[in-house]
Amino acid sequence: MTATRGTSAPDVRQTDPGPAGAGPGPANGTAVPAVRIEAVSKVHGRGAGAVLALDAISLDVAPGEFVCVVGASGCGKSTLLSLVAGLDAPTARTLTVPGRPALMFQESALYPWLTVAGNVELPLRLAGVGRAERRERARELLASVHLAEFAQRRPHQLSGGMRQRVALARTLALDSPVLLMDEPFGALDAMTRDLLHDELETLWRQRRPAVVFVTHNVREAARLGDRIVLLSSRPGRVVWQTTVDAPRPRRMDSPETAAVAAEVTDRLRAEVRRHGH
Amino acid sequence: MTATRGTSAPDVRQTDPGPAGAGPGPANGTAVPAVRIEAVSKVHGRGAGAVLALDAISLDVAPGEFVCVVGASGCGKSTLLSLVAGLDAPTARTLTVPGRPALMFQESALYPWLTVAGNVELPLRLAGVGRAERRERARELLASVHLAEFAQRRPHQLSGGMRQRVALARTLALDSPVLLMDEPFGALDAMTRDLLHDELETLWRQRRPAVVFVTHNVREAARLGDRIVLLSSRPGRVVWQTTVDAPRPRRMDSPETAAVAAEVTDRLRAEVRRHGH
Amino acid sequence: TDGKTTLRLGYFPNVTHAVPLVGIGTGRYAKALGSTATLKPTSFNAGPDAVTALLSGSIDAAYVGPNPTVNAWAQSHGSAVEVIAGAASGGAALVVDPKIKSWSELTGADIATPQLGNTQDVSARYFLKQHGLSTTKSGGGDVHIKPMANGDAVTAYKSGAIDGAWIPEPYASQLVGAGGHVLVDERSLWPGGKFVVTDLLVRKDFAKAHPDVVTRLLRGQVQTVDYLKKEPAAAQQVVSEQIGTVSGKPLDPALVKQAWPKIEFTNDPLADTLVAGARHAESVDLLDPVDLKGIYQLDPLNKVLRAAGEPTVSAGTS
Amino acid sequence: MATDTNHDGVRPSPVGPAASAGRAATPGGTAGGSGQELSGLDALELAGAGRDRWWARVGRGAWPKLLALALVLVGWQLVVWSGWKPDYLLPGPVAVARGLADIVPTADFASAVATTMRRAVTGFAFAAVVGFVLGILVARIRVLRAAIGSMITALQTMPSIAWFPLAILLYQLTEGAIEFVIVLGAAPAIANGVIAGVDYVPPVLVRVGRNLGARGVGLYRHVIAPAALPSVLAGMKQGWAFAWHSLMAGELLVTIANRPALGQLLGVYRDQSDSLHLIGIMLVVLAIGLMVDAGFGAVNGAIRRRRGMT
Amino acid sequence: MATDTNHDGVRPSPVGPAASAGRAATPGGTAGGSGQELSGLDALELAGAGRDRWWARVGRGAWPKLLALALVLVGWQLVVWSGWKPDYLLPGPVAVARGLADIVPTADFASAVATTMRRAVTGFAFAAVVGFVLGILVARIRVLRAAIGSMITALQTMPSIAWFPLAILLYQLTEGAIEFVIVLGAAPAIANGVIAGVDYVPPVLVRVGRNLGARGVGLYRHVIAPAALPSVLAGMKQGWAFAWHSLMAGELLVTIANRPALGQLLGVYRDQSDSLHLIGIMLVVLAIGLMVDAGFGAVNGAIRRRRGMT
Ligand SMILES: Nc1ncnc2c1ncn2[C@@H]1O[C@H](COP(=O)(O)OP(=O)(O)OP(=O)(O)O)[C@@H](O)[C@H]1O
Ligand SMILES: Nc1ncnc2c1ncn2[C@@H]1O[C@H](COP(=O)(O)OP(=O)(O)OP(=O)(O)O)[C@@H](O)[C@H]1O
Ligand SMILES: [Mg+2]
Ligand SMILES: [Mg+2]
């Protein structure tokens, strides 16, 4: 079976549904998945220094599902996202994604030659959106990450957290049916993060993208996810997953969230311990 | 009163003790401070685009004290640390620090042309430490951040969290009496973070550096700090601080930690709300 | 354009090219060509470029020195060009530091020539050899021959980097002006005191296609040579100005005047001296043996000379 | 260290209007308080910088240039006075200035400068186009890189005189021949700048660009070109120098009557061992070089400022 | 896009030993599965790459070069056969090869190549030292930058012929004169590379270095130099080309007894309108250029690989 990917037309998602529930597969594998990862492996480098970052990992994400991925440092979360985004070539069995997923990178990677607004407008510009409209969209997006007043600054004039928020706005500008986010709120204080959780949830409710959200904050995972997936370390595999059923909107400091977080933490602890760090 | 800084000899710390407790000053201002920040301001840029990042901020850190700094995104935490580290020129009244503080930057900023071990060895090399000794030290430091086996890799081959840990090891290699850390564990999963908390606390107990630790995780602040300082946003000032008296070692998930964290969170929330985000 | 041929004529902004300079500058060439051809003068700074241009058909005729003449002939195996007239003779000398008073004292001296294998270079090597002084192509031997651009030779002499130069006019005069003395006027080394320094080369296919144009050009030249001899002062002025027009800076009239008597302007290509020069070059190993038979095509010139009542010239004895 | 212009964390940071609104600045308290290595000169700079007018800034920028010029002139004059070489070989600055004063006001000189500049600009523009296209193709297409990548530097090492016969064959003795040698000289330099720039674009920026929807030309236009810009600019600077070298040589090759040019003048004065005017024309060439460099410098400064490199 | 060599996220990633230990690789399943734009050539590359021997890699690297060479030769031969220009102006490859075969085995030729290479290497080494020092001083000392920064490019535009009279004054007709024009040609190019490199060192790397205790020379040695290395290398490449230009011109000027040199040969064959041998010597110059570029290319490749730029 060779690798398949959807064509760039977003509606051609249903490529090879495959045997549902294979391996440590999707929890709600009944719907046609938005992202299908089936027995995908990835080796970084060659020869003696080669690292098997992902080993036959399988994961389906349903359309509109919000999946949070947690795992130890270096377990392959970022690698997984760049495979899904089509930026790296996997040693694949099957990797099926529609159109072009939007990926928010772990490093904010803003373009230093563009202003903040210019960075947010870029994907719109590349998509051929007209000047007035893209200016308006960028304004809205920057307002939603609370950076409206910084539109004309350059990236080097921003703090770390502000840069991360600009990168978020830029990713959201793509308005893709699949949203991949790599520790998007890692550099934000608790309050700003709370505000952005609300913004993200609102957006997700309105447009229902499928989200794969990597985070180290298990409470954040419990706050946002429909499902939480735990990856193991070198090689990365899905070792455990749980569905979060608590009603939305949830709160970071609610007892339900804390309970889910505690469970995930225990699992994570067990997993990390198994590896010695 | 002109600005003063200690000469490079670490023992000349006692430069101008000044009036203790001036302004929203140090909580335990009785000892001769390791770091004295008195009415220090900082403007980024010039003319119309100038940003008053810090406004007459005062803060003393006693030798061996562990101070955690929290505050909203963009409130001036990183700016404060680079002033203390002597990398930026403040509009100062008084800024007194001994020798050379070690600063762990918010971005890991590893040198791509050096291996992981090479990065950690660099400060030792610059300090004139012999080859065998610095190799040994680097090995120890990398082991303490659980990256011993990655010593010969290049930075681009590491995950985000691994890079952050290398940067931590590199900073610790300086073995400075003042340790400035800018969100050092932001990209780490909960477990790795716990392990590193322990490592950091052990080190701090053994060598007793004065630590200024910027974090967005209030539990982390409560877990590690002797004192927690809350900065306001644009301009950054110390708006509130508290002393943490709970016995060490503490745990992230202990009720005492949670209680402190809750209080800090409330204050932070109030502060952020005051600013509208 | 209007049925008229264009005659593209190459020459150098140089005193030894006084014939074309004056012919063009006074309009004598254009007048002689009349309605048959338009003259398009093209100046060069170095013989090789003129030869390349001639061989590649970029120009139709060119005034060049004997060395490029032989090269053009040899490289094209005698197929591309022919010499249809001479233009100047003499005008080269060995000027040295006054402390050198005889051939024998040249031993160990550094002597500049314009370029390896050019007329003066060959003469220098040949006549030094005649006087028992060896040279090598790479500047060794009894006398160290150092080819360099003429202007650089003057600078080098002034700054003491060389002891003298075997060099054409007006540089020889400049060296004298800088304190050098003429050890040898090259004319004294040649039978009859004449040797060719400039002749007129034409592409064979052009000459075949436009014999009338060639004849008219020669007529213009003969008139010009006449003028040069009769009105030296005026001609010198034209030479100086014409060099200015071409190169952007007129040549000092005093220098032209000083150089003038050392050069003889003649329609005679001095065929024997060209051949002798080639033999000299062969003897100092700067030229592979070359058969120059047929390089001269002097019938049109002789026709023009006869018509003008002047003595005819010969294609030489060899 | 004391006079660093870049990277130096220690930058002037006066109390701006915002700050002074907040609290009064302590008089004389702006200097210092920074790095341990803070010393005299730094303090001076910190104290002196701040809100000043553009003319003050230009003035500050100009005095080191004027000083350097003055030093050179004085040194030169001293050498001349020392009698090291006779003055017809090494004329003094005053003589050269007089010589320049003779030629600069002439129409011929103006026309020479104009001709040369026109050739330089058109040749360079053409070389830039060729260099860009070649550079991008070679940098990005693996097969081309393997095939002709090394050829670019090799071509660059070929001296202009070697190209003259070919230039004559191809273009006869026209302006085209001059442009040909300019392009052969400058295009490889620019292509090498482009290649170096593209080679060192941080991969993450390209990955981001792809994810944001940049494809093909869009990726070049919006990501790779701006990221490689500094290196491309450096290559263009080098290319300009090559273009000028080739131009000077080419103007010696192709002399068009009644169209004087700087390269030709340089050749003539050298040929006539006229040091006085030769040095004069060299000074003119230097002055043009300075002006062009000022242009490149301004662009470079703007890029650095925008990107926070200063 | 299909043939990108850099930045392209889509890289070959075969199932290595580690992977196959974990699970069996699906046969034929290595290709594809990546970007939407994945097409024929990519697939080819993905499939073909992997664990191969160095000779296989060298072989793969060589065929495009050989193909390019073959194309050039065939094109050349076709032009010659077309009779566009007579063969004494544009000799064919076979004739040139025969001509080369005549001169290459001679002792004079070997000595010419040796002399020229020696001069190139020593002159370039000297220029590199001057260029480095000048570049670093100008890049980092504000006053110097203002004073002589622009001068560097201006000097670079000065053609070598303009320097000859000065070179003769200073060094008479010795090797020194040749080295002098080489240094004047190459040092500014290298200095410009150094300046460009230093200008664009990310400020955060310098701040980190300072904090780690790097001061003065240490900061250069351990931080600025390695960070600027790619740009310095690019400048050195350009400098090599300049050096070679100047060298060829200089060898025409200064001929030293019994010491033939390539520049001199180039001049002699041009003087004798001997296209056959002129083209032969040009090919030799090209070959040397290719070899030198291969050296630069290897260093550049090593840097990029280490820093994860490929
Ligand atoms: N280019 C590369 N070359 C070699 N190894 C690599 C490369 N990129 C990543 N790796 C390795 O792959 C593994 C997974 O990396 P990845 O970045 O996916 O981790 P992660 O889960 O995102 O970690 P973190 O939480 O720290 O960001 C790590 O062991 C890393 O060292
Ligand atoms: N070089 C600069 N030029 C202009 N403004 C700057 C510059 N650096 C920082 N700032 C501004 O100074 C303020 C404080 O920045 P700083 O990086 O200190 O924030 P921070 O508290 O570290 O934030 P974060 O938690 O997001 O890292 C921000 O408003 C930022 O925009
Ligand atoms: Mg990651
Ligand atoms: Mg910060």
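Can you tell me which residues in the range A:169-199 are in contact with a strand residue (DSSP E or B) (Cβ under 9 Å, 6 or more places away or on another chain) and more than 16 Å from ligand 3 (Cβ to nearest atom)? Explain how you work it out, then say what you get.
Residues of the range A:169-199 in contact with a strand residue (DSSP E or B) (Cβ under 9 Å, 6 or more places away or on another chain): A:170-184, A:189-190.
Residues satisfying the conditions are A:Arg170, A:Leu172, A:Ala173, A:Leu174, A:Asp175, A:Ser176, A:Pro177, A:Val178, A:Leu179, A:Asp189, A:Ala190.
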* To do: Looking only at the range A:21-31, decide whether some residue is buried (at least 23 other Cβ atoms within 10 Å of the Cβ) and modelled with pLDDT under 85.
  => yes
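Would you mind finding the one in C:Gly132, C:Gly151, C:Gly180 that is out of contact with any helix residue (DSSP H, G or I) (no Cβ under 6 Å at 6 or more places or on another chain) and without any contact (Cβ under 8 Å) to a residue 40 or more places away in the chain?
Details: C:Gly151 fails: out of contact with any helix residue (DSSP H, G or I) (no Cβ under 6 Å at 6 or more places or on another chain); C:Gly180 fails: without any contact (Cβ under 8 Å) to a residue 40 or more places away in the chain.
Just a single option satisfies the conditions, and that option is C:Gly132.
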* Asked: (1) at the interface with chain E (Cβ under 7 Å from one of its Cβ atoms); (2) under 14 Å from D:Phe124 (Cα atoms): which one isn't true of D:Val181, the others all being true?
  -> (1)
* Say whether the condition of being assigned to a helix (DSSP H, G or I), under 21 Å from the mean Cα position of the chain (by Cα) and either modelled with pLDDT under 85 or more than 9 Å from chain E (Cβ to nearest Cβ) (or both) is met by at least one residue in the range B:88-106. => no
* Only listed residue being in contact with a helix residue (DSSP H, G or I) (Cβ under 7 Å, 6 or more places away or on another chain), over 23 Å from A:Phe185 (Cβ atoms), more than 16 Å from ligand 2 (Cβ to nearest atom) and at pLDDT 90 or above, chosen from B:Arg170, B:Arg223 -> B:Arg170
* Matching residues in the range C:253-305 - criterion: being of a type in the set (Asp, Glu), at pLDDT 85 or above and either more than 17 Å from C:Leu228 (Cα to Cα) or touching a Pro at 6+ places or on another chain (Cβ under 9 Å) (or both) -> C:Asp268, C:Asp272, C:Glu282, C:Asp291, C:Asp299
* Structure fact -> Among helices (runs of 4 or more DSSP H) entirely inside the range E:193-297, those with 1 or more residues being among the basic types (Lys, Arg) and at the interface with another protein chain (Cβ under 7 Å from one of its Cβ atoms) are E:203-211, E:225-253, E:262-271
* Asked: Hey, among E:Lys65, E:Lys85, which residue is in a loop (DSSP other than H, G, I, E, B), within 14 Å of chain D (Cβ to nearest Cβ) and surrounded by fewer than 22 Cβ atoms within 10 Å (Cβ to Cβ)?
  -> E:Lys85
* Structure fact -> By residue number, the members of the range A:128-186 that are within 16 Å of ligand 4 (Cβ to nearest atom), in a loop (DSSP other than H, G, I, E, B) and within 12 Å of chain D (Cβ to nearest Cβ) are A:Arg153, A:Leu158
* Asked: Do we have C:Ala74 as in a helix (DSSP H, G or I), more than 13 Å from chain D (Cβ to nearest Cβ) and of a type in the set (A, V, I, L, M) here?
  -> yes
* Restrict the check to the range E:102-118 and report whether at least one residue is within 7 Å of chain D (Cβ to nearest Cβ) and touching a Pro at 6+ places or on another chain (Cβ under 6 Å). => no
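On the basis of being farther than 21 Å from A:Leu180 by Cβ, small (Gly, Ala, Ser) and away from ligand 3 (no atom under 16 Å from the Cβ), does A:Ala117 make the cut?
Answer is yes for this residue.
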* Restricting the search to the range B:231-277, which residues are facing chain A (nearest Cβ under 10 Å), over 19 Å from A:His146 (Cβ atoms) and not small (Gly, Ala, Ser)? -> B:Met252, B:Asp253, B:Val264
* Run down A:Leu230, A:Leu122 and say which single residue is more than 25 Å from B:Arg267 (Cα to Cα), surrounded by 24 or more Cβ atoms within 10 Å (Cβ to Cβ) and in contact with a Leu (Cβ under 9 Å, 6 or more places away or on another chain). => A:Leu122
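Restrict the check to the range D:290-309 and report whether at least one residue is under 23 Å from E:Leu247 (Cα atoms), surrounded by 21 or more Cβ atoms within 10 Å (Cβ to Cβ) and modelled with pLDDT of 85 or more. Break it down stepwise before answering.
The initial filter retains those residues of the range D:290-309 that are under 23 Å from E:Leu247 (Cα atoms), namely none.
Within the range D:290-309, not a single residue is under 23 Å from E:Leu247 (Cα atoms), surrounded by 21 or more Cβ atoms within 10 Å (Cβ to Cβ) and modelled with pLDDT of 85 or more.
Say whether the condition of being over 21 Å from A:Ala48 (Cβ atoms) and of a type in the set (Phe, Trp, Tyr) is met by at least one residue in the range B:144-152. Can you show your working first?
Our first condition is that a residue be over 21 Å from A:Ala48 (Cβ atoms); within the range B:144-152, this holds for B:144-146.
This time we only want the ones that are of a type in the set (Phe, Trp, Tyr), so: none.
There is no residue in the range B:144-152 that is over 21 Å from A:Ala48 (Cβ atoms) and of a type in the set (Phe, Trp, Tyr).
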* Can you confirm whether the range C:293-300 contains a residue that is in contact (Cβ under 8 Å) with a residue 24 or more places away in the chain and over 19 Å from C:His77 (Cα atoms)? => yes
* Asked: Can we say C:Asp49 is in contact with an Asp or Glu (Cβ under 8 Å, 6 or more places away or on another chain), of a type in the set (D, E, K, R) and more than 23 Å from C:Thr224 (Cα to Cα)?
  -> no
* Residue ID - farthest from ligand 4 (Cβ to nearest atom), chosen from residues in the range A:202-227 that are surrounded by fewer than 24 Cβ atoms within 10 Å (Cβ to Cβ) and more than 16 Å from A:Met104 (Cβ to Cβ) -> A:Arg208
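The values are calculated or read from the model by the stated rules, or taken from the named source; none is laboratory data. Owing to the predicted nature of the structure, the values given are computational and were not obtained by experimental measurement. Please note: Cβ atoms are built from the backbone with ideal geometry, for glycine as well, and neighbour counts cover all protein chains shown.
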